[in-house]
Every structure is written in structure tokens, then in C-alpha cells.
Amino acid sequence: MEKVQIDLNRWIKESVREEEIKSFLGSSGNDFINEEEIEELLRKERDPEPQKIRDIIQKSLSIERLNPDETVALLNVEDEELWAEIFQAAGEVKKRVYDNRIVTFAPLYLSNFCINSCLYCAFRKENKKAKRRRLTLEEVKKETESLVSTGHKRLIVVYGEHSLSDIDYMVDTIRIIYETKIGNGEIRRVNVNAAPMTVEKLKRLKEAGIGTYQVFQETYHHKTYKRVHPAGIKSNYKWRLYALHRAQAAGIDDVAIGALFDLYDWRFEVMGLVYHTIDLEKHFSGIGPHTISFPRLEPAANTPFIQKTKCKVSDADFKKLIAVIRLSVPYTGMILTAREPANLRREALHLGITQTDASTKIGVGAYSENSGSQIPERQQFLLSDTRSLDEVIRELAEMGYITSFCTAGYRCGRTGQSIMNLLKTGKERWFCKLNAVLTFREWLDDFATEDTKKIGENLIKKEIIEIEQNLPGLFPKFMEHYRKIENGERDIYF
Ligand code: SAM
Ligand code: SF4
């Protein structure tokens, strides 16, 4: 037992390389979150002039990233009618960049051993009531089989931070996931949410063929960060802040940022996300975050901190923060998860969301081992929306959104610089549409219930007409692909 602890202590020590942070710091040695500057900006301009806000909206509609003073102006709007204009513009920006498609994925928790002490998480080391488990490779296969048999093509795999789920385990589990196939069911893109790593480990993650690497800063406010991460590797703010810089340096050019709302003032966190975006762009030739996430705290078993937080974001403010992020970073993908209840997801979708999860289970082993209710002591937190993939897709189709299982981007080299250019010039939208229709066709034929199929067929007809009208040059090739899929071929894309 003592030996195990000594080995774990050594592993913890070797997991952080301070020299890999230094190369990204400014000459002052400070990181890019200047709290005084942000607080000052937030204080400066209350209730800005409507014309100023409308000019900012126009900039965003031309797919230009906003500067911090422009984001602040949006955050400080008080007039509700002006907010209505912001909401409308947020939806319009999303349409210009990504069209009416929503990408769907499922999270897959593989191990919940963790050496950290995040006060808000049921997997924290101190929570003795958590049931700990690391899936065997055979179990990973079973979980993947459950997911692919409903039609999922994209996963985000999740690991606690521990020597038991270090890079070797990650690489092995990702390989098993890609190898698992049932009929037409297969995973074509594995994204990763895991603790910050060294460049050396990140290079191995890249070699494993991952899509996006995602790390949330949780809170950008230094003092709050320290308070809610009192111990463990995660207490090192800068190691986490530059996790995605290291990922880019290791060649992973689809990186995903996020903040966990409810920990500190929501306006400050939005500013943190914008500064993070700007610093990534600065260091990596304009390549900002592939996606931004904005989870809010959900209840978690034996985790009293959550009820005590004083910064709870109301639903009304939550919609505002989504719209402001959308306008501030028009090219980025935005992820809304099953943490949020179905009714709110429905409303927030129109504010520029591009991705959402469905049929989500977050207990380790939960997809293949239990069908119904959530198991608090096995979960990191509790979900609000547990609807099936079929139900979510049907609802999206009823709302006029086409679900996309497209995974073409990273397999065709549309990542990093190349995808950024396509997004910023509004060209990616058309790749999105073509591939959304092709993958939706596959899913309708392979996995949809009869009711969903009916609604889906109407939507697909409408989409094909739009493609014919807007992309006459590509239309014949598109129809050739489409017919092949109707005849049973799979995984054809632009
Ligand atoms: N161990 C990895 C890490 O900390 O980076 C993976 C974390 S976990 C799957 C992904 C995210 O869930 C965390 O970064 C955090 O933002 C969020 N999270 C943790 N506890 C939560 C809670 N109680 N409610 C909502 N989100 C939570
Ligand atoms: Fe561990 Fe991540 Fe939970 Fe923190 S949020 S305790 S690092 S699993």
C-alpha cells in the first residue's frame, strides 16, 4: 500500500513540467488573465449606446472576432429590447457559419479515479462515498457497442486524473473504441476531455487519432480557482491555463475551451474565455478554440459545495452569456450539454449552439450495464436531460435543425488553420450542410424509429432542394453520394 502511494506521489510530481508553461508567458511572467484590467473594463461602461451595440453586432455578423472592450459592451447592455437584437444576431451568426446543423455526440466516462480535490465534483479524492472504477478494455468495447448500436458516431471520452488512467490507458481505450464495429455502427471521431498533460503525452494523444482535445479552465478568476481546487495537480492554475497551448504545440490543432459557470461572476468568466481565445490566436497563427463550452454546476452526490455557491447563474443570464460568447467568437463551435433541462436546451439552441449530446449516461459503465435511472455515487454529477438520441433528433428535426454525424473535417485535414479559414469566410457552412444530409441519411436508414424517420424525410427533402439551389456545381456529385448511401454504402463525405 505504502509503495503504491509512493509511486503515485512520484507520478504526480512528474506530471507537471513548469518549463512547458514558461514559454507561453509574457515577458513579465504573468499569464493572460489580468484581473484588474477585466474588472476595470466591466465597470467602465454601463448601459452603452444602442448604436455602439448595433455596430458591434455588425462586426460579429461579418464573422470577425470581437475585442475585449466590445464583448464588455455587450455584457453591459441593460435594455431588454437591445438584448432581443443580440439574441437574434447570435442565431444569425451561427447560421452564417454553420447553417442549420447540430452535431450530436455522447460522452463516455472510462475511469473515475482522481487525485484532485475539485470541491464541486463527486470524483474528488476526498469523496469516500464515490464508487471508483476503471473500465477494462473488454468493458470499453461493450460500452462502445451500446453507443454505436443507437447510431452515435462521435464520442468524447472522459478520464479522471490518475496514474491508472494515464496516457497508456488513454491510447489503449481510444484504439479499442475505433476498432469496435457492429453492422453499420462505428465511432468515427473520438474527442478527449482529460487533465492537462505534457507535450510528450499530448503527442501520443495526437498519434492515437483523436479529434478535439478539451480542457475547461473552470474559473478564470485566480483566487476563486485556488479556493475551489485546494490540492492536487489541478490546483496549479497556469498548468491548466496553458494546457491547450501545449496541445497545439504537440500538433493537436482542434482544441476546446470552457468555463464552469456558477463558480464566479459570469461576466468575468465570459471575458476569461475571450482572452483565452485571443491568446491562442496570438500564439498559433490565428487558430482559436474549435469549440467553447459553458456548463453550469449540477448537483452531485455528497458534494455540498454546490448548494453553497453564491454565483448561481439564472436561466435568463445563461441565455445572455451564450449569446455574448456566440457574437464574441463567431467562428467557434458552441456546446450545450445534457446538464441543462430539455426546455432550456430548446430555447438556448436558437442562440448559436452547434453541438449537443444525447442519450447521455455519465456513470462509469452505465451505457451497457443499466438502462434506466442515474446512479449518483457512480456519477460526477446528475444530468437534467436523459432523453434518447432518437427523441432528441426528432425534436431537432421538428424545430428545423438537421442532426449531423459528420466526422469528415479532421479526416480530410480540415482542422486548425484550414478549418479556421473556411469558418471565417462562411464556406464551411456548405461542407456542413452536405455532410449533415449524407450522415443524416445514413442514420435515418440504420437507426431511426418510424416516427422520427417520417419527420426526418421531410426535413431531408427540404435540405436537398436548398443544396440544388445554392450549390448547383456540386449538386450532381452530392446526389451521386446520396444515392450510394441510399443503396447501402456508408461513410461517404465531402
Ligand atoms: N478530470 C478531467 C478534468 O478535470 O479536466 C475531466 C473533467 S469532467 C468530465 C469535465 C468537466 O465537468 C469539468 O471540467 C467540469 O467543468 C465539469 N464538472 C465537474 N463537476 C461538475 C458538476 N458538479 N456540475 C457540472 N459540471 C461539472
Ligand atoms: Fe477529478 Fe476532474 Fe472531478 Fe476535478 S473535475 S475531481 S480533476 S474528475
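Within a Cβ distance under 11 Å of Tyr159, other residues only, what is the Lys/Arg minus Asp/Glu net charge?
Here the charged neighbours net out to -1.
Quick one: pull the percent of accessible area on the stretch 93-385 belonging to carbon and sulfur, 1.4 Å probe, ligands and nucleic acids left out.
52
Report ³J(HN,Hα) in whole Hz for each residue of the stretch 336-347, in order, from the Karplus equation J = 6.51 cos²θ - 1.76 cosθ + 1.60 where θ = phi - 60°; Gly and Pro get x.
So the Karplus estimates, Gly and Pro as x, are 10, 10, 6, 4, 8, x, 4, 5, 6, 4, 4, 5 Hz.
With θ set to phi - 60° and the Karplus curve 6.51 cos²θ - 1.76 cosθ + 1.60, what are the ³J(HN,Hα) couplings of the stretch 223-238 in order, to the nearest whole Hz, using x for Gly and Pro?
Running phi through 6.51 cos²θ - 1.76 cosθ + 1.60 with θ = phi - 60° gives 5, 5, 4, 4, 5, 8, 10, x, 8, x, 4, 5, 6, 7, 4, 6 Hz.
Taking 0.36 nm per intervening residue step and subtracting the Cα-Cα distance, what contour gain separates Glu377 from Arg46 on full extension?
Net length gain for the segment: 114.7 nm.
Can you give me the relative contact order of the stretch 93-385 as a percent, contacts being Cα pairs under 8 Å and 6 or more apart? Walk me through the numbers before you get to the answer.
Values: 568 pairs, mean separation 69.9, N = 293.
Result for the stretch 93-385 is 24 percent.
What value in Å³ per residue do you get for the convex hull of the alpha-carbon atoms in the chain? If you can, show how the numbers build up before the last one.
Details: hull volume 69.4 nm³, N = 494.
About 140 Å³ per residue, rounded to a whole number.
Mind jotting down the distance between the C-alpha centroids of the stretch 262-286 and the stretch 378-414, whole Å?
Spelled out, the Cα-based centre of one part sits 26 Å from the other.
Let me check something: with ligands and nucleic acids excluded, how do Glu19, Glu298, Glu145 order by accessible area (1.4 Å probe), largest to smallest?
Highest to lowest solvent-accessible surface, that is Glu19, Glu145, Glu298.
Can you give the accessible area of Lys454 in Å² (nearest 10), computed on protein heavy atoms with a 1.4 Å probe?
So the heavy atoms of Lys454 present about 130 Å² to solvent.
Rolling a 1.4 angstrom probe over the protein heavy atoms, how many square angstrom per residue are accessible across the chain?
On the way: 19430 Å² over 494 residues.
Counting only protein heavy atoms, the per-residue value for the chain is 39 Å².
Excluding residues fewer than 8 places away in the same chain, name every one of the lysines whose C-alpha is closer than 22 Å to that of Lys142.
Lys131, Lys153, Lys181, Lys361
May I ask for the distance between the Cα centers of the stretch 141-202 and the stretch 297-347, given as a whole number of Å?
Between the Cα centres of the stretch 141-202 and the stretch 297-347 lies a distance of 25 Å.
Looking only at Cβ-Cβ distances, which cysteines of the chain have no other cysteine closer than 4.7 Å?
Cysteines of the chain left without a disulfide-compatible partner: Cys114, Cys311, Cys406, Cys412, Cys432.
Mind running the shape call on the stretch 305-460? Use the C-alpha gyration tensor, a ≥ b ≥ c as the square roots of the eigenvalues: rounded below 1.5 for a/c, prolate if a/b tops b/c, oblate otherwise.
In terms of gyration-tensor shape, oblate.
Multiply the residue separation of Glu80 and Ile12 by 0.36 nm, subtract the distance between their alpha-carbon atoms, and state the gained length in nm to one decimal.
Values: separation 68, 0.36 × 68 = 24.48 nm, distance 4.94 nm.
Gain in length upon complete extension: 19.5 nm.
Which order do the peptides 407-413, 195-201 come out in when sorted by mean C-beta neighbours inside 10 angstrom, highest first? Walk me through the numbers before you get to the answer.
On the way: 407-413: 17.3, 195-201: 19.3.
Highest-to-lowest ranking by the protection proxy: 195-201, 407-413.
Counting only protein heavy atoms, what percent of the accessible surface of the stretch 425-482 is carbon or sulfur at a 1.4 Å probe?
Within the stretch 425-482, the accessible surface is 56 percent carbon and sulfur.
Is the C-alpha gyration tensor of the stretch 88-135 telling us rounded, prolate or oblate? Criteria: a/c under 1.5 is rounded; beyond that, a/b larger than b/c is prolate, otherwise oblate.
Prolate shape, in that a/c is at least 1.5 and a/b is the bigger ratio.
Ordered by residue, what ³J(HN,Hα) values in Hz, to whole numbers, does the stretch 66-71 give under the Karplus form 6.51 cos²θ - 1.76 cosθ + 1.60, where θ = phi - 60° and Gly and Pro are x?
Here the 3J(HN,Hα) series is 7, 8, x, 5, 6, 4 Hz.
What 222 nm value per residue comes from the helices of the chain, counting each DSSP H run with n ≥ 4 as -39,500 (n - 2.57) and dividing by all residues, nearest 500 deg cm²/dmol?
That calculation yields -14500 deg cm²/dmol at 222 nm.
Excluding same-chain residues fewer than 8 positions from Lys129, which aspartates and glutamates have a Cα within less than 17 Å of its Cα?
Result set, ordered by chain and number: Glu377.
Near the amide H of Arg296, under 5 Å away, which other amide H atoms are found, from residues 5 or more places off or on another chain, if H is placed in the peptide plane?
Here the answer is Phe261, since their amide H atoms fall under 5 Å of that of Arg296.
The values are calculated or read from the model by the stated rules, or taken from the named source; none is laboratory data. Values in this document were obtained by computation on a predicted structure and should not be read as measured data. Here the Cβ is made from the backbone with ideal geometry for all residues, glycine too, and neighbour counts use every protein chain on show. These area figures cover heavy atoms from the full protein model, side chains too; ligands, DNA and RNA do not enter into them. Shrake-Rupley method; radii C 1.70, N 1.55, O 1.52, S 1.80 Å.
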